[in-house]
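Written below as structure tokens is the structure these notes are about.
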Amino acid sequence: MLETLRRITRSALLGALTVSTALAQSPSSTPDPEKAEDRSGQSEKGQQPPVDQQDTVHPRNSKDDVEAIGNRKVGKGPNFYSLEKEIALGKQLAQEVERSAKLIDDPVVTEYVNRVGQNLVRNSDARVPFTIKVIDSDEVNAFALPGGFFYVNSGLILRAQEESELAGVMAHEISHVAARHGTKNATKSQILQLTTIPLVLLGPAGLAGYGLYEGLNIALPLTFLKFSRDAEREADFLGLQYMYKAGYDPNAYITFFERIQADEKRRPGTIPKAFSTHPPTPERIENAQKEIVRILPNRPEYIVTSSEFDSVKERLRNITFARKAQDNGPGKPTLRTRTEQSKKQPTGDDPNSTDDDRPTLKRRPEDSP
């Protein structure tokens, strides 16, 4: 029974975590003066103009107060994991990730992404050190494991048009760790699983109790979907504050999701499956606009991007192109299309025509009549 309980707990934990570093002391990225834009700048074609922020806001509580960041009780709630256990768990999961994922090891790219991330961490409510790495993947995505183990896909960096857009997505993932969403959802999962065990042991006729347990198991993913959507809303809310506190234009978070939304309409399936548990993109955009007006006082200037972002992005693009060229280089196994094969077929009825690439059956000499 104990072994069964351990298996249930472990599977529930991994299921909850899949839905969702020593602090570096290097300086934050410094924007170019010409790229620190004022709020009067016009938005890109097809995008909504920046929302009009108030010069003065009146926070209802500490969670709304960006000046209280770092001194708030973000992440409170039922949790079976201490911070130490959360870090240990995250480290174990990170090892599993790195056994299967290919990391970008270019020092210029990794140092830059780590520096942007650590600047956001310093302006967040996170209580654990962060380790930030870049995964060589075309998918536009990023994810953070419990305990501050944070991975950014190269596809996300290449899709972002400005440093502030990259910072917005990174701030969102940092918020998941600051609010301890992974282990809190795992705790809820374990509580739900544990409450079904008496039904198995004491349920009528045994089998009926087990059947009810199986039925509840089917409903658990829907429960986690709701938890996950709530967690995403909170991460949006906190992420806007963290990027604002770090000096970035919070409107960049909106423009990025507008672009993702346009991509999905133009090419369905563009948004990764992991995003299926997030709130619908139009809802996220609307909520973000409301929160920017409500809790973030206006600033005359924001960090929008930097020349370093442009150079790192170009460097990363060259790295990914080189990798793809190597993967498709001579000597690599390939599949010929039907058209390519048909070009090798004899064009006439010449019996002497041959295609050395085509398999043939030959009669053995001893089988000859």
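Applying the selection to the range 166-189, what residues are over 14 Å from the mean Cα position of the chain (by Cα), of a type in the set (D, E, K, R) and part of a helix (DSSP H, G or I)?
The answer is Lys184, Lys188.
Look through Val128, Val140 and report the one residue that is open to solvent by less than 50 Å² (accessible area, probe 1.4 Å), assigned to a loop (DSSP other than H, G, I, E, B) and either under 30 Å from Leu192 (Cβ atoms) or in contact with a Cys (Cβ under 6 Å, 6 or more places away or on another chain) (or both).
It is Val128.
Please name all residue pairs, on different chains or six or more residues apart, with Cβ atoms under 7 Å, provided the first residue is in the range 59-71 and is among the aliphatic types (A, V, I, L, M) and the second residue is assigned to a helix (DSSP H, G or I) and crowded, with 16+ Cβ neighbours inside 10 Å.
Short answer, once both residue conditions are applied: Val66/Gln241; Val66/Tyr244; Val66/Lys245; Val66/Ile295; Ile69/Gln241; Ile69/Lys245.
Scan the range 68-93 residue by residue and report those that are assigned to a helix (DSSP H, G or I) and farther than 20 Å from Ser189 by Cβ.
Ala68, Glu84, Lys91
Does any residue of the range 98-115 turn out to be hydroxyl-bearing (Ser, Thr, Tyr), in a helix (DSSP H, G or I) and at pLDDT below 95?
Yes, there is a match, as at least one residue in the range 98-115 is hydroxyl-bearing (Ser, Thr, Tyr), in a helix (DSSP H, G or I) and at pLDDT below 95.
Of everything in the range 288-314, what is touching a strand residue (DSSP E or B) at 6+ places or on another chain (Cβ under 7 Å) and over 23 Å from Ile157 (Cα atoms)? Give them in sequence order.
Pro300, Glu301
Of the residues that sit in the range 60-71 and are within 25 Å of the chain's Cα centre (by Cα) and at pLDDT 90 or above, which one is farthest from His181 (Cα to Cα)?
Filtering the range 60-71 for residues that are within 25 Å of the chain's Cα centre (by Cα) and at pLDDT 90 or above, the one farthest from His181 (Cα to Cα) comes out as Val66.
Hey, Glu139 hits all of (1) more than 19 Å from Asn251 (Cβ to Cβ); (2) over 11 Å from the mean Cα position of the chain (by Cα); (3) acidic (Asp, Glu) but one; which does it fall short on?
(2)
For the range 240-352, please list each of the helices (runs of 4 or more DSSP H) lying entirely inside it that holds at least 2 residues being among the basic types (Lys, Arg) and at pLDDT 80 or above.
It comes to 251-266, 281-295, 307-327.
Looking for something β-branched (Val, Ile, Thr) and either open to solvent by 20 Å² or more (accessible area, probe 1.4 Å) or more than 25 Å from Ile260 (Cβ to Cβ) (or both) - is there at least one such residue anywhere in the range 109-118?
Within the range 109-118 (the criterion being β-branched (Val, Ile, Thr) and either open to solvent by 20 Å² or more (accessible area, probe 1.4 Å) or more than 25 Å from Ile260 (Cβ to Cβ) (or both)), the answer is yes, since at least one residue qualifies.
The values are calculated or read from the model by the stated rules, or taken from the named source; none is laboratory data. Quick caveat, the model's predicted, so the values are computed rather than measured. No Cβ is skipped: glycine too gets one built from the backbone with ideal geometry, and neighbour counts run over all protein chains shown. Only protein heavy atoms, including side chains, enter the accessible area calculation; ligands, DNA and RNA are left aside. Shrake-Rupley method; radii C 1.70, N 1.55, O 1.52, S 1.80 Å.
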